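Everything on this sheet refers to the single structure shown next.
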Amino acid sequence: MTKVAEMVQGVTDSVIGLGLSMIAEEWEFYDTLLHDRKELRPGWRVVRRDEVSKLTSLGEVTYKKTYFHNPQTGERCYLLDRLMGLGSGERMTEDAVARIYEEAADSSYRKGGMNASISGVAVSKETVMEKLHCLQFPKAEDTKEKRQVKVLYIDADEDHVALQYLEKKGDTKSALKHTFMPKLVYVYEGIRAEGDRHELVGVRYFGGGCEGTEGTQRLWREVYDYIAGTYDEEVLERIYVNGDGAEWIKTGAKVHAKAKFVLDRYHMHKYIMAATSHLGDSAQDARSEIWGAINGKRKKDAAEVFERIIGITDTESKQKAVGASRDYILGHWSAIMNGVRNKEDDIHCSAEGHISHIYADRMSSRPLGWSKTGADKMARLRVYKKNGGDMLTLVRYQKQELPRAAGMEEVICSAEEVLKSERKNRKAQGALAELPVYTIPYTQIRKIAALKNHIWGL
């Protein structure tokens, strides 16, 4: 045999086809129970039976279901959808939507739609966008036994995402800002070094658009609610909030009595480099003086170094740049000292790297245009995934309890009892009971049909 690939593809297609037919048969069995047994649906009358299709992660399932009418309430619906927990007119099953979210979080809306099923049946990128725009995300649950640590670290930063439009295409022409800045905050217990790799211990991520004062307050409230629900605050002594000095980050350090803001060394180094890069051979000496003043906790000496640099700088534009660096360092002196005075706590900040990995890789490293809603939801989806969130769980979180018509509680309860009885009967009748006959190209695949009976034992 030389065409192995063709054989494997043929087997794959046949297995998928078998799976789809099994799913259709199971759903039609449930519908037949509701159609034939009036005691399961008191008050409901049969209107017609329709052939419909639903997209699953395996592919398109075509099956028949009965449309019912309740004369007393006037309601009309497919009771099978209620029995299966599906919304009216829902085109996809939960597993297909989960596959869409998984791919869209990593690549694009278009590829998310293409990944809806393994058989290649796709949905449009517009459909993917609509589903993501409606997403709601669960908050972290409190732990049963609170962890006991003396020090916690919080790093915070934001990305800069290009806006294509705010609410609808074209409206950024009248907007003052064309950039959206999703925020990222993460809490951790320390850093574990394994060779050249460094891993955050007990890390939990938070983020999203969180615009304005209200958005910032909600974000920090979520962060500190997580801390209160996860850690023993009687044992907790210090919380270090690390960042670049943005007001929203400093606000987070004021929320908790044990929190202190620390200016991260990345931005300190960035501004010191900006103030000395033009000095040529003297640049390294100037930097050493500034760092020496910082580590020696001598603010006056640091200010004098900056003034000397300004004095030997020729151009006005460069003088302004040195002055801006001076104002940044001296303006955050107390935050810098919070880090210098507590070196034993090994304070670090990796926010820039996390912004790149969690947000920028998907949202801003390529020439993409977003709406504010899309950027906010994608940021939250990336955070959810980074926290190890399961996409199927997220899909189910979106489900609100479907409104039930009068008598539906009895329908569902009775149907479940009948299904249990049917499973019991089939198990008692043996492995060959009601085994369907499938026409499959390969003899070996016919054996898969026997697996159908195991479904009833699950």
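Below are the figures for this structure:
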{"quantity": "Condition broken by Q136, with the remaining ones in (1) under 22 Å from Y205 (Cβ atoms); (2) surrounded by 15 or more Cβ atoms within 10 Å (Cβ to Cβ) satisfied", "calculated": "(2)"}
{"quantity": "Elements of type helices (runs of 4 or more DSSP H) in the range 53-165, at least 3 residues being touching a helix residue (DSSP H, G or I) at 6+ places or on another chain (Cβ under 8 Å) and free of Cβ contacts under 8 Å to residues at least 40 places away in the same chain", "calculated": "109-114, 125-133"}
{"quantity": "Single match in I329, I309 (criterion: crowded, with 19+ Cβ neighbours inside 10 Å and over 28 Å from P182 (Cα atoms))", "calculated": "I309"}
{"quantity": "Filter result (within 36 Å of the chain's Cα centre (by Cα) and either outside any helix (DSSP H, G or I) or aliphatic (A, V, I, L, M) (or both)) within the range 21-44", "calculated": "M22, I23, A24"}
{"quantity": "In the range 144-162, the residues that are touching a Ser or Thr at 6+ places or on another chain (Cβ under 9 Å) and farther than 19 Å from G190 by Cβ", "calculated": "D159, H160, V161, A162"}
{"quantity": "Residue within the range 83-96 that is surrounded by 18 or more Cβ atoms within 10 Å (Cβ to Cβ), modelled with pLDDT of 95 or more and within 20 Å of K125 (Cβ to Cβ) present", "calculated": "yes"}
{"quantity": "Residue match in the range 376-394 (condition: modelled with pLDDT under 95, buried (at least 18 other Cβ atoms within 10 Å of the Cβ), among the small types (G, A, S) and at negative phi)", "calculated": "no"}
{"quantity": "Whichever residue in the range 278-299 is within 44 Å of the chain's Cα centre (by Cα) and loosely packed, with under 13 Cβ neighbours inside 10 Å and, among such residues, is farthest from H348 (Cα to Cα)", "calculated": "Q284"}
{"quantity": "Helices (runs of 4 or more DSSP H) lying entirely in the range 311-384 (those with 1 or more residues that are more than 22 Å from E189 (Cβ to Cβ))", "calculated": "316-331, 333-340"}
{"quantity": "Any hit, the range 21-35, residues being farther than 30 Å from R362 by Cα, buried (at least 20 other Cβ atoms within 10 Å of the Cβ), in contact with a strand residue (DSSP E or B) (Cβ under 6 Å, 6 or more places away or on another chain) and among the aromatic types (F, W, Y)", "calculated": "no"}
{"quantity": "In the range 338-391, the residues that are without any contact (Cβ under 8 Å) to a residue 24 or more places away in the chain and assigned by TED's automatic domain parsing to the domain that holds A156", "calculated": "K343, E344, G353, S356, H357, D361, S365, R366"}
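Residue by residue, here is whether (1) of a type in the set (A, V, I, L, M); (2) surrounded by 15 or more Cβ atoms within 10 Å (Cβ to Cβ); (3) not assigned by TED's automatic domain parsing to the domain that holds S119 holds:
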site	(1), (2), (3)
P42	no, no, yes
T62	no, no, yes
K65	no, yes, yes
H69	no, yes, yes
R76	no, no, yes
L79	yes, yes, yes
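The values are calculated or read from the model by the stated rules, or taken from the named source; none is laboratory data. Remember, predicted model here, so these are calculated numbers, not experimental data. Every residue, glycine among them, receives a Cβ derived from its backbone with ideal geometry; neighbour counts consider all protein chains shown.
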